[in-house]
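**Student:** The structure that follows is given in the form of C-alpha cells.
The values are calculated or read from the model by the stated rules, or taken from the named source; none is laboratory data. All values derive from a computational prediction rather than experimental measurement. Here Cβ is always computed from backbone atoms with ideal geometry, including for glycine, and neighbour counts include all displayed protein chains. For the accessible areas, the whole protein counts, side chains as well, though only heavy atoms, and no ligand, DNA or RNA atoms are used. Shrake-Rupley method; radii C 1.70, N 1.55, O 1.52, S 1.80 Å.
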Amino acid sequence: MEGFTPWPMDFAEKYRSAGYWIDQTISEVMDESFAKYASRTALITSGGREFKYSDLGNLATRLALHLVNLGLRPYDRLILQMPNIPEVAITYLAALKAGVIPIMALFAHREAEIGFFAELAEARAIAVGTAWRGFDYEEMAANVQTKNPQLKMVLVAGGEPKKGNYSIDAMLQDPIEKRMGLNELPRQDPNLPAVLLLSGGTTGIPKLIPRTHNDYTYNFLCNADICGLNENTVSLVAIPQEHNFAVACPGLKGVLSKGGCEILSDNPSPEAMMELIAKHHVTHCIAVPTMIVGMLNHPNRRKYDMSSLEVILTGGSKLNPEVALRIKPELGCDVQQVLGMAEGPLYWTRRDDPLEVQLHTQGRPQSPGDEFRIVDPVTETDVQQGEVGELWCRGPHIIRGYYRAPDHNAKAFTEEGFYKSGDLVRLHHTGNVVVEGRIKDCINRGGEKISAEEVEDHILAHPAVANCAYVAMPDPLMGERACVYVIPRHDSSINLKTLNEFLLQERKIAKFKLPERLELVDAFPLTPVGKVNKKALRQMIAERVELERQASGGKLDGTKIR
Ligand code: OOB
C-alpha cells in the first residue's frame, strides 16, 4: 500500500518465527470468537442495547457486504467518527471485513480535523452518528465533501439520514447476505495496514498511523493476556471507542478475543461510570487518570457497590502516585498502568508486581520482542542507568513509519527503525520506566493530546494576533490544560472569549483544543538560538497558577471538565 512503511524482511521473519505475527487478519481472529462464544453476551451499551457474539458477528458481516455493495474496495479509507453507540463497534468490525481501512477519528473532531484526514488519506467514505449533543455531523460531512470530491459516501447511524446519505440502521436490517455470498468479501494480506490511528503525540500537524493485521492482532492478544482477560471479564469503556486504548489495548478486540463482555458507555462522568460498574458487575475498567480522580473524589461514591471491580487499567497521561495510592483502599481494586502510544509502544505494570512498581512506574514492554533505549536527545547516546532521556522503541507492534509522511518519518525514526517517542523517561531500578516529561511540543489534557503547532497555526490566523505560543499549564484534575501567550497586533484587542469564538466558528477546530487561559505579553522569552522558550513560558504560567491557588486558599481545584 502506497504511503506505508513495512518492517524490513529480517524483522518480519523474526517476529513471525517467534510467534508474534500469526498471519491472520483481525477479522479472522474475531470470527473465531464469534463462533466460539456465539451465545455469550459480547456488548452491552449504557443505553441498554445488548448483543450476543453471534449477533455482533452477523451484523458485522452484513454491513461489510453492504460496504462492498456500495462500491468500497480494499484499502479504500473510511473515516469512522461516532459516539459510543454499538454501531461504532459494528462499523469498525465491518470495515475490517470489507478490507476498508477505518480512520479512527474522535466524535469531538470538527471540520478542521476531519477535513485534514479526508484530504491526507483521500478518504472515500465517512461514517458518522446523526446529530449528537447538538452538533450536526452530516452537515459537517457535507462541508468536508465540498473540498474533497473523492469523499463520495456519508454513512449515518442512529437515525434517519439526510437525502443522499446512506443509513447504517437500514443496512443492518437488510439481509444482504441472502443476495451476496461471503466470497464477495476480499482476501486480505495480514502484512498490510488494517487501520489508520491518529497520532496525538507528535509535533506539528497530526499524523495517521498505519497498523497492520499482524502487528495490531499481536497488540490486542498480548494485552488481553497481560490484563488477565477471560470469559468472565466485564470491561467498561467510557473513553471514545475509536481510541487505540479502547479498541486494542486490550480494548474491545482484546475482550472479544477472550469471550468477555464490553460495557460501552457514552457518558464518561465518574458517577455514570460507577453506576455501570455496580449494575453490570464490571471487573475491568478502562480509565484515564482524570476519571479515577473523579471517582475517588465523588461525594456519592459509597452509594455504589463496586466490589466486582478487579482492576482499573489506566494510561494516556501520568497517574499521580498519591492518586495511585488511594485506589486499593478506597475503590477496592488493583491498578495496572500503561504507557501507551498509538504508534504501538505499550509498557504495562503487571498485577503481580511489587506495590512500588504498580504505583510508581508506568511499566515495562508488553512483549519480549520489544526493544527500547533511553537516550540523550541531543547526543543521541544512551544515558546512564537511572538518568532521564528520550524513550526510543522498536518491536513487533511498533510502526516503522507514519502514513504518507516521508519527511517527518526521517526525523521520527532512527535508521535502525527505532521510534523516537518524544517522551522523557527514566529507568527504575526494577527495569520499569517512569515518565518524567516530554520533548514533543504537545499538551496532554486529561489523556487527550493536542499538538501545539497545529493550534498555534489556527490562532495566528486571527487578525489581532501578531504571535502566539500555546503551552501546558498544570491542573489538578486534567493534569494539564492549554494556556496561550499572545503578542497582540498594534491597536488590536483580543481576549480568550473572542479568540475561542474565532477558533470554533471560523477555524472549526475541536473544542478540547481551545486554550483555557490567555496571557497578553509584549515579547516571548527566547532560547539561546532565538526560538520561543516554551519551557520558560510553562514555568511562568505554572508559578502564576500556583500563586493564584495559594491566594484562593487552595480552592482553585480546576474541577470543571469541558
Ligand atoms: C495513549 O496513546 P496516544 O497515542 O493518544 O498518546 C501517547 C502519548 C505518550 O507518548 C505519552 O506522552 C502519553 O501519551 N502517555 C502517558 C501515559 N500513557 C500515554 N504519559 C504518562 N503516563 C502514561 N501512563 O495515550 C494510549 C495508547 C494506548 C493505551 C493507553 C494510552
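**Student:** Hey, how many Å between the Cα centroid of segment 126-159 and the Cα centroid of segment 38-101?
**Tutor:** 18 Å
**Student:** Show me the GluC sites (Glu not before Pro) within segment 483-535 that DSSP assigns to loop and that have at most 16 other Cβ atoms within 10 Å of their Cβ.
**Tutor:** Taking segment 483-535 and a limit of 16 other Cβ atoms within 10 Å, the loop GluC sites (Glu not before Pro) found are 506.
**Student:** Here's another thing I want to ask about it. Which value results when the Cα radius of gyration for the chain is divided by 2.2 N^0.38 Å?
**Tutor:** Taking N as the residue count of the chain, the ratio is 0.95.
**Student:** Count the lysine pairs in segment 441-551 whose Cα atoms sit under 20 Å apart, keeping only pairs 8 or more residues apart in sequence or on different chains.
**Tutor:** Lysine pair count for segment 441-551: 10.
**Student:** Continuing with this model, one more query. How big is segment 308-448 in terms of Cα radius of gyration and Dmax, in angstroms?
**Tutor:** Answer for segment 308-448, Rg first and Dmax second: 15.6, 50 Å.
**Student:** Quick one: accessible surface of residue 544, probe radius 1.4 Å, all protein chains present, in square angstrom to the nearest 10.
**Tutor:** 120 Å²
**Student:** Okay, moving on. Tell me, what is the per residue accessible area of segment 181-267 in Å², probe radius 1.4 Å?
**Tutor:** Ligands and nucleic acids excluded, the result is 25 Å² per residue.
**Student:** Enter the accessible area of residue 411 (Å², nearest 10), with the probe set to 1.4 Å and all protein chains included.
**Tutor:** 140 Å²
**Student:** Going through segment 185-277, which GluC sites (Glu not before Pro) have at most 15 other Cβ atoms within 10 Å and a DSSP loop state? Walk me through the numbers on the way to the answer.
**Tutor:** Working: sites: 231, 242, 262, 271, 275; in loops: 231, 242.
Qualifying residues, ordered by number: 231.
**Student:** Using a 1.4 angstrom probe on heavy atoms only, work out the carbon and sulfur share of the accessible area of the chain in %.
**Tutor:** The value for the chain is 52 percent carbon and sulfur by accessible area.
**Student:** Below 12 angstrom from the Cβ of residue 167, what's the summed charge of the other residues (Lys, Arg +1; Asp, Glu -1)?
**Tutor:** -3
**Student:** Take every DSSP beta bridge whose two residues both sit in the chain, then give the antiparallel share in percent to the nearest 5.
**Tutor:** The antiparallel proportion sits near 55 percent.
**Student:** Once amide H atoms are placed 1.01 Å from N in the peptide plane, what residues at a sequence separation of 5 or more from residue 517, or on another chain, have their amide H within under 5 Å of its amide H?
**Tutor:** Here the answer is 484, since their amide H atoms fall under 5 Å of that of residue 517.
**Student:** On to the next question. Quick check: with the 1.4 Å probe, what order do 119, 448 take by accessible area, largest first?
**Tutor:** Ranking 119, 448 by accessible area, largest first, yields 119, 448.
**Student:** Under a crude label model (7 Å from the Cα following the beta-carbon direction), how far is residue 415 from residue 477 in nanometres?
**Tutor:** Output for this residue pair reads 5.0 nm.
**Student:** May I pose another question? How charged is the neighbourhood of residue 100? Take every other residue with its Cβ under 12 Å from the Cβ of residue 100, and add Lys/Arg as +1 and Asp/Glu as -1.
**Tutor:** +3
**Student:** Can you list the lysines whose alpha carbon sits under 22 Å from that of residue 328, skipping same-chain ones fewer than 8 residues off?
**Tutor:** Qualifying lysines at Cα under 22 Å: 279, 303, 318.
**Student:** Rank these by accessible area, largest first, 1.4 Å probe: 25, 498.
**Tutor:** Descending order: 498, 25.
**Student:** Between residue 122 and residue 1, what length in nm is gained on full extension when 0.36 nm per residue of separation is reduced by their alpha carbon distance?
**Tutor:** 42.2 nm is the gain from fully extending residue 122 to residue 1.
**Student:** How large is the accessible surface per residue of segment 306-425, computed with a 1.4 Å probe and reported in Å² as a whole number?
**Tutor:** For segment 306-425, the per-residue accessible area is 39 Å².
**Student:** Please give the per residue accessible area of segment 441-551, computed with a probe of 1.4 Å over protein heavy atoms only, in Å².
**Tutor:** Numbers: 5490 Å² over 111 residues.
Value returned for segment 441-551: 49 Å² of accessible area per residue.
**Student:** Let me ask something else about it. Got the relative contact order for the chain handy, in percent, Cα pairs under 8 Å and 6 or more residues apart?
**Tutor:** Relative contact order comes out at 12 percent.
**Student:** Now a separate question. Which GluC sites (Glu not before Pro) in segment 1-89 pass both tests, a DSSP loop state and at most 12 other beta-carbon atoms within 10 Å?
**Tutor:** Those that pass, being in a loop and sparsely packed, are 2.
**Student:** Just to verify a number: FRET efficiency for residue 73 and residue 436, C-beta to C-beta distance, R0 = 35 Å, to 0.05?
**Tutor:** Once rounded, the FRET efficiency stands at 0.15.
**Student:** How high is the FRET efficiency from residue 173 to residue 271, r the C-beta distance, R0 25 Å, rounded to 0.05?
**Tutor:** 0.15
**Student:** Sticking with this one: At residue 544 and residue 531, where each label point lies 7 Å from the Cα along Cα→Cβ, what is the point-to-point distance in nanometres?
**Tutor:** Rounded to a tenth, the inter-label distance reads 2.3 nm.
**Student:** Follow-up. Given the Cα-Cα distance of residue 301 and residue 36 and 0.36 nm per residue of separation, how much length would full extension add, in nm?
**Tutor:** 91.6 nm
**Student:** What is the ratio of the Cα radius of gyration of segment 441-551 to 2.2 N^0.38 Å, with N the residue count, to two decimals?
**Tutor:** Values: Rg = 13.6 Å, N = 111, 2.2 N^0.38 = 13.2 Å.
Normalised Cα radius of gyration, segment 441-551: 1.03.
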